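Engineer: One structure, as structure tokens, below. Some questions next.
Please treat every number below as a calculation from the coordinates, not as lab data. In this text the structure is predicted, and so the values were computed from the model without any measurement. Cβ atoms come from the backbone with ideal geometry, glycine included; neighbour counts cover every protein chain shown.
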Amino acid sequence: MKIKKLTVGDNSGCNRKGERFKVMRCLDGIEVGETVLIRFKDEFETSSWRKYRLEEKHFPSKYDEDRRRHTGTFVKVKA
């Protein structure tokens, strides 16, 4: 089974430092509990790939549901 990869925009740098972060984007095809590789990118650098597990995903509003924009919480997987 191939592990999925996501690149997340993080201009402030705050998401890449923590053990958990939230993202608003389409997460179709990624199930709760699944482990994915994520890297953070800003205008100057891109981090290395790190393993995170999707802890929860939901649509915060009908507007977001119509546009398939989930709010997902990812937790860093300990090595």
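Engineer: Summing Lys, Arg as +1 and Asp, Glu as -1, what charge do residues with Cβ under 12 Å from the Cβ of residue 33 carry, residue 33 excluded?
Structural biologist: -2
Engineer: Students often forget the sequence filter, so: which lysines lie under 23 Å Cα-Cα from residue 4 once same-chain residues fewer than 8 apart are removed?
Structural biologist: 17, 22, 41, 51, 57, 76, 78
Engineer: When DSSP assigns beta bridges and you keep just the ones with both residues in region 5-76, what percent turn out antiparallel, to the nearest 5?
Structural biologist: Details: 17 of 22 bridges.
Of the beta bridges lying entirely in region 5-76, close to 75 percent run antiparallel.
Engineer: With Rg and the Kirkwood Rh both taken from Cα atoms, where does Rg over Rh land for region 5-74?
Structural biologist: Radius of gyration over Kirkwood radius for region 5-74 works out to 0.97.
Engineer: Still on this model: Expressed in whole Å with the largest first, what are the equivalent ellipsoid semi-axes of region 38-79 derived from the C-alpha gyration tensor as the square root of 5 times each eigenvalue? Write down the numbers at each step before the final one.
Structural biologist: Working: eigenvalues 126, 51, 6 Å².
That gives 25, 16, 5 Å for the three semi-axes.
Engineer: Still on this model: Note down the net charge around residue 58, summing +1 for each Lys or Arg and -1 for each Asp or Glu among other residues with Cβ under 15 Å from its Cβ. Mind showing how you got there, number by number?
Structural biologist: On the way: positive: 22, 25, 57, 62, 67, 68, 69; negative: 28, 31, 55, 56, 64, 65, 66.
The answer is 0.
Engineer: What aspartates and glutamates could a cross-link reach from residue 2, if we take a straight Cα to Cα line under 20 Å and drop same-chain neighbours fewer than 8 places away?
Structural biologist: 28, 31, 34, 55
Engineer: What ³J(HN,Hα) values, in whole Hz, does the Karplus curve 6.51 cos²θ - 1.76 cosθ + 1.60 give for region 31-38 when θ = phi - 60°, with x put for Gly and Pro?
Structural biologist: My calculation for region 31-38 gives 8, 4, x, 7, 9, 10, 8, 10 Hz in order.
Engineer: Let me ask another. For the chain, what does -39500 (n - 2.57) per DSSP helix run (n ≥ 4), summed and divided by total residues, give at 222 nm, in deg cm²/dmol to the nearest 500?
Structural biologist: So the helix-based figure for the chain works out to -1000 deg cm²/dmol.
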